[in-house]
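Shown next, in structure tokens, is the structure this report addresses.
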């Protein structure tokens, strides 16, 4: 199955074209403090990946888009683009959890029993979810098993408490884990060094997950914001005026 996947839930714009073991990846990672460039980069990176493969649109079996959680604007751009491409090209579309995709990268870290995907949500919160790793025996790679913590916005201190409660050898990955390392490490969680690849959301993992998901109509794929956008929270209510 040939899958075109992309994600704009974080500051990065990540694109991958996967055909079996053949993977073509393109991405844009803005420097710290810079604004995301999803609007400019997403279609350009998709075009680059398609040209590098090369892959005609007729050969794409499925489009996969990260549905978050993440930034409101980034998710809106990614999902709208995916819907438009799927509709115009007549290609089945699936939505992939950005947190689950991030967690897939944690399977390669040896000795881990629980992996927590943690994305910086701003406002001194993170978006987080956690899974138990299963099946790492006899040379077989681990897989995500039971979901131990459902996706949610949560304060770092509260997440540390949850991770400590889970027990076992815990791994926390993602830009939220890096940002709040001192708090989360008190739970006993292992957090790789800041520059480690495992902290990056990659559309390659989206491809893997997309192959196991049921494809629906484009309008069935929607962002998973998990909380209200900043502008709506900041809007004064009639009682506060």
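The values are calculated or read from the model by the stated rules, or taken from the named source; none is laboratory data. Quantities reported herein were computed from a predicted structural model and do not represent experimental measurements. Glycine also receives a Cβ, built like all others from the backbone with ideal geometry; neighbour counts cover every protein chain displayed.
Does the range 230-241 include one or more residues that are surrounded by 12 or more Cβ atoms within 10 Å (Cβ to Cβ), assigned by TED's automatic domain parsing to the domain that holds residue 8, farther than 19 Å from residue 114 by Cβ and modelled with pLDDT under 95? Give the steps one after another, and end with the answer.
Within the range 230-241, the subset surrounded by 12 or more Cβ atoms within 10 Å (Cβ to Cβ) is 230.
Checking which are assigned by TED's automatic domain parsing to the domain that holds residue 8 leaves us with 230.
Within this subset, residues satisfying the condition of being farther than 19 Å from residue 114 by Cβ are 230.
Next, from what is left, pick out any that are modelled with pLDDT under 95: 230.
Taking every residue of the range 230-241 in turn, at least one turns out to be surrounded by 12 or more Cβ atoms within 10 Å (Cβ to Cβ), assigned by TED's automatic domain parsing to the domain that holds residue 8, farther than 19 Å from residue 114 by Cβ and modelled with pLDDT under 95.
Just to be sure I understand the filter: pairs with C-beta atoms under 7 Å, separated by 6 or more residues or on different chains, first member in the range 193-219 and in contact (Cβ under 8 Å) with a residue 60 or more places away in the chain, second member assigned to a loop (DSSP other than H, G, I, E, B). Which pairs pass?
198/109; 198/192; 200/12; 201/9; 201/10; 201/12; 211/1; 215/92
Checking residue 70 against (1) part of a loop (DSSP other than H, G, I, E, B); (2) closer than 21 Å to residue 214 by Cα, which test does it fail?
For residue 70, the exception is condition (2).
Any residue at all in the range 53-60 that's modelled with pLDDT of 95 or more, under 26 Å from residue 1 (Cβ atoms) and not assigned by TED's automatic domain parsing to the domain that holds residue 18?
Looking through the range 53-60, none of the residues is modelled with pLDDT of 95 or more, under 26 Å from residue 1 (Cβ atoms) and not assigned by TED's automatic domain parsing to the domain that holds residue 18.
Can you confirm whether residue 111 is surrounded by fewer than 22 Cβ atoms within 10 Å (Cβ to Cβ), outside the structural domain of residue 159 (by TED's automatic domain parsing), at pLDDT below 95 and on the phi > 0 side of the Ramachandran plot? Walk me through how you get there before you give the answer.
Numbers: surrounded by fewer than 22 Cβ atoms within 10 Å (Cβ to Cβ): yes; outside the structural domain of residue 159 (by TED's automatic domain parsing): no; at pLDDT below 95: yes; on the phi > 0 side of the Ramachandran plot: yes.
So residue 111 fails the test.
Can you tell me which residues in the range 35-55 are in contact (Cβ under 8 Å) with a residue 40 or more places away in the chain and over 20 Å from the mean Cα position of the chain (by Cα)? Reasoning before the result, please.
We begin by selecting, within the range 35-55, every residue in contact (Cβ under 8 Å) with a residue 40 or more places away in the chain; these are 38, 46, 49-50, 55.
Those that are in contact (Cβ under 8 Å) with a residue 40 or more places away in the chain and over 20 Å from the mean Cα position of the chain (by Cα): 50, 55.
Tell me which of these residue 184 doesn't satisfy, since it passes every other one: (1) in the same structural domain as residue 91 (by TED's automatic domain parsing); (2) in contact with a helix residue (DSSP H, G or I) (Cβ under 6 Å, 6 or more places away or on another chain); (3) closer than 19 Å to residue 126 by Cβ.
(1)
Say we look at the range 124-157 and pick out the residues that are in contact with a strand residue (DSSP E or B) (Cβ under 9 Å, 6 or more places away or on another chain), part of a loop (DSSP other than H, G, I, E, B) and in contact (Cβ under 8 Å) with a residue 12 or more places away in the chain; which of these is surrounded by the most Cβ atoms within 10 Å (Cβ to Cβ)?
Of all residues in the range 124-157, those in contact with a strand residue (DSSP E or B) (Cβ under 9 Å, 6 or more places away or on another chain) come to 125-136, 142-156.
Next, only the ones that are part of a loop (DSSP other than H, G, I, E, B) stay: 135-136, 142, 155.
Then drop every residue that is not in contact (Cβ under 8 Å) with a residue 12 or more places away in the chain, which leaves 136, 142, 155.
On the way: 136: 15, 142: 21, 155: 15.
Of everything passing the filter in the range 124-157, 142 is surrounded by the most Cβ atoms within 10 Å (Cβ to Cβ).
Results for (1) at pLDDT 95 or above; (2) outside any helix (DSSP H, G or I); (3) under 19 Å from residue 202 (Cβ atoms), shown as yes or no for each residue.
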residue: 11; (1), (2), (3): yes, yes, yes
residue: 30; (1), (2), (3): yes, yes, yes
residue: 51; (1), (2), (3): no, no, no
residue: 76; (1), (2), (3): yes, no, no
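Please find, among 160, 117, the residue that is touching a residue at least 24 places away in the same chain (Cβ under 8 Å), crowded, with 22+ Cβ neighbours inside 10 Å and not in a loop (DSSP other than H, G, I, E, B).
Numbers: 160 fails: crowded, with 22+ Cβ neighbours inside 10 Å.
Result: 117 is the single residue among 160, 117 that is touching a residue at least 24 places away in the same chain (Cβ under 8 Å), crowded, with 22+ Cβ neighbours inside 10 Å and not in a loop (DSSP other than H, G, I, E, B).
Which residues, taken from the range 57-78, are out of contact with any helix residue (DSSP H, G or I) (no Cβ under 8 Å at 6 or more places or on another chain) and surrounded by fewer than 20 Cβ atoms within 10 Å (Cβ to Cβ)? Talk me through it step by step, then tell me what you get.
First pass over the range 57-78, keeping only residues out of contact with any helix residue (DSSP H, G or I) (no Cβ under 8 Å at 6 or more places or on another chain): 58-59, 61, 71, 75-76.
Answer for the range 57-78, where residues must be out of contact with any helix residue (DSSP H, G or I) (no Cβ under 8 Å at 6 or more places or on another chain) and surrounded by fewer than 20 Cβ atoms within 10 Å (Cβ to Cβ): 58, 59, 61, 76.
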